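What follows is a short report on a single structure.
The values are calculated or read from the model by the stated rules, or taken from the named source; none is laboratory data. What you are looking at is a predicted structure, and each value in this text was computed from that prediction instead of being measured. Note that we place each Cβ from the backbone using ideal geometry, even for glycine, and neighbour counts take in every protein chain shown.
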Amino acid sequence: MKRSNRLLILLGVFLAVAGGLGTVILISGSNNNGTNKGGASASPTPTPEPLTTVVIAKQDIKLGDKITAVMVDTKQMTISAQEALGSDTFSDPSLVVNKVAGGNIAKGQVLLASRDFLPPGTVPDGQDIANLVGTGMRAVVVETDQVNGVGTLLVPGDRVDVIVSVYMDQLELTGADSNKVTITLPGGKHVTTKTVIQNRKVLITLLAPLEATGNAAPAPATSGAPVAGPTQPLVQNTGRHMLIVLEVKPDEAEILRWAQREEKTDPQNYIDLSLALRSDKDNELPDAITPGITFKMLVDKYGVLPLDPRGILPPDLAKGISW
């Protein structure tokens with residue numbers, strides 16, 4: 001036999017043996033990954049926990065800031081971590097855009113409806129709000145009602161102007177007729193009104209509980225189709241009061257305290273003070289220049305007709321009065 005033929009035969013035997021050994025190795029590996037006869041099964045790979053989407057702050061957000069799309073982002077977290085935060089997270093940034101921050105929100109913080117967007121009239125008891133007050137500013141409480149406080153619809157982050165009305169005694173007219181009988185014409189009260197503080201931020205609002213009224217939603221029927229009720233309380237004209245924590249300058253705090261004197265005996269003993277809600281688009285505008293208003297200005301500028309005392313005075317006194 002030729003030498004070349006013997007080499008080919010040896011090469012074929014070598015390849016056959018190598019193929020057999022490879023088959024044995026593959027079968028052995030397969031058995032090790034599965035269940036071997038008389039052996040234990042391998043530990044299964046744990047299934048990853050499902051993820052969910054939450055909305056986070058993309059930057060630091062201050063109290064009173066209106067949320068825009070550039071301020072927020074989303075991130076993925078496990079469902080168990082999301083549930084630990086509570087049930088009021090947000091899954092889509094559009095759900096928080098145009099909301100007003102009810103407190104300072106740090107960059108990267110997950111947004112929560114109950115913590116970061118306080119509904120009107122609510123604040124956790126004992127909450128520290130000192131960090132909400134700007135440098136050089138002061139926080140003061142103003143009491144108002146639905147007439148003087150924009151219907152008690154103010155919420156944290158709103159901007160308001162403060163209007164003060166001062167009641168001044170008018171001059172009392174005293175005279176005597178031809179029979180020397182004294183005649184007195186009471187002067188009454190004269191009101192002068194002026195916007196004294198502008199563009200100040202509402203930090204916190206505190207509402208009294210809604211009073212029961214005859215306009216409550218009807219109770220569900222005991223039979224037949226149920227009667228739908230409102231999903232949230234409605235603001236009604238019940239005359240309720242609101243406490244508003246305003247951020248003001250130190251000298252403005254003195255004005256507010258003076259304007260809340262309880263010198264009147266009727267229910268509106270704080271009528272010296274009222275609030276005007278500003279547009280959120282005007283926050284960066286300079287203060288408006290207003291003239292204030294008095295009765296004389298109403299007569300001179302707006303044509304309001306004044307009372308004529310000559311109609312009730314004796315002729316000899318009335319003739320000396322020019323109006």
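Taking the stretch 283-306, which residues are loosely packed, with under 12 Cβ neighbours inside 10 Å and under 26 Å from Leu256 (Cα atoms)?
Glu284, Leu285, Pro286, Asp287, Ala288, Ile289, Pro291
Give me a count of the residues in the stretch 63-93 that are exposed (fewer than 14 other Cβ atoms within 10 Å of the Cβ) and under 17 Å from the mean Cα position of the chain (by Cα).
Total satisfying the criteria: 2.
Look through Ile183, Ile163 and report the one residue that is outside the structural domain of Met71 (by TED's automatic domain parsing), at pLDDT below 75 and outside any loop (DSSP other than H, G, I, E, B).
Ile183
Any residue in the stretch 271-298 that is assigned by TED's automatic domain parsing to the domain that holds Val164 sitting within a Cβ distance under 9 Å of a residue that is basic (Lys, Arg) and exposed (fewer than 13 other Cβ atoms within 10 Å of the Cβ)? List the pairs, counting only those 6 or more apart or interchain.
Ile271/Lys264; Asp272/Arg261; Asp272/Lys264; Pro291/Lys301; Ile293/Lys301
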